[in-house]
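Everything below concerns the one structure shown next.
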Amino acid sequence: MPGESTPNDRERPAFQRIAAELRAKILDGALRPGERAPSEMELKEHHNVSKMTARNALVSLRDQGVLESRHGKGFFVRSFEPIRRNATRRLSKELWGGGQSMWSVDVHDRPMEPVADEPIEALAPAGIARTMRLASTDRVCVRSRVYLVDGVPVMTAVSYLPLDLVANSPVMQVDTGPGGIYARLADLGHEPKRFREELRSRMPTPEEAGQLAMGAGTPVMHIVRTAADATGRIVEVNDMLLDASRFVMEYDFTD
């Protein structure tokens, strides 16, 4: 607040001062992506602090997504280039209607690998049924994927589609073909015409953190997208979890 004083460096805990110094070196390029950060012992001796204080400094930067730890090797400056997720461009019909993957907007020529489970038929979960305006006895197609970029898991996604629309179609296959799910829905006469995404940030559950190989203290971005056809019928709900340290969210707007 205006007029309030802030603690100077001497009043900050030692581990925060050390972390701030290391962060500054990373920002000005003295420590580059992929380089090993000073070890606990090096920080202990240089700053005349305890080994625990030195470790707390490194762990705090790891939890902020600045450093990554490698078992038995120490801490390294995070080298993963963030993915720029352009929500407006990736949902354009020009893209999926032309047989391209939405991920081509995000990763360009970087290697991306979807690891997909076999689609299954199941009763719609209660929340999904409400969103899709289905009866409690209605069944859906469930498609679960984990996406890896540069060999790193960055996002999980579970899509729910009305079974009466997609039964016995390519949507029930692991590989849906060029343009993906939305192109196949268009083939079935239910082309998505309207999309809505809700985004919130939260901490992952232990299971979610394990799926995405996330370090402690890193949040996820939870995105739920609904796609509706020309009649307003919800033809897909996509429940996505993104490792927040791996993404930059980007939006284009025109008047």
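Looking only at the range 132-162, which residues are under 30 Å from Thr218 (Cβ atoms), assigned to a strand (DSSP E or B) and free of Cβ contacts under 8 Å to residues at least 60 places away in the same chain? I'd like the intermediate steps shown before the answer.
Kept after step one, since they are under 30 Å from Thr218 (Cβ atoms), are these residues of the range 132-162: 142-160.
Subsequent filtering for residues that are assigned to a strand (DSSP E or B) retains 142-149, 152-160.
Matches in the range 132-162: Val142, Arg143, Ser144, Arg145, Tyr147, Leu148.
The set of residues in the range 188-219 that are touching a residue at least 24 places away in the same chain (Cβ under 8 Å), within 17 Å of Asp239 (Cα to Cα) and either part of a strand (DSSP E or B) or not hydrophobic (A, V, I, L, M, F, W, C) (or both) comprises Pro192, Arg194, Phe195, Arg196, Glu197, Glu198, Leu199, Ser201, Pro204, Glu208, Gln211, Pro219. Count of the range 174-187 residues, restricted to those that are charged (D, E, K, R), in contact with a Pro (Cβ under 9 Å, 6 or more places away or on another chain) and either surrounded by 21 or more Cβ atoms within 10 Å (Cβ to Cβ) or assigned to a loop (DSSP other than H, G, I, E, B) (or both), is 1. Here Val171 fulfils each of the conditions (1) at pLDDT 95 or above; (2) farther than 21 Å from Ile234 by Cβ; (3) in a helix (DSSP H, G or I) apart from (2). Among the conditions (1) at pLDDT 85 or above; (2) not in a helix (DSSP H, G or I), the only one that Gly72 does not satisfy is (1). Number of residues in the range 220-253 that are buried (at least 16 other Cβ atoms within 10 Å of the Cβ) and either without any contact (Cβ under 8 Å) to a residue 40 or more places away in the chain or in a strand (DSSP E or B) (or both): the value is 20.
The values are calculated or read from the model by the stated rules, or taken from the named source; none is laboratory data. In this text the structure is predicted, and so the values were computed from the model without any measurement. Counting neighbours? That spans all protein chains shown, and the Cβs are built from the backbone with ideal geometry, glycine included.
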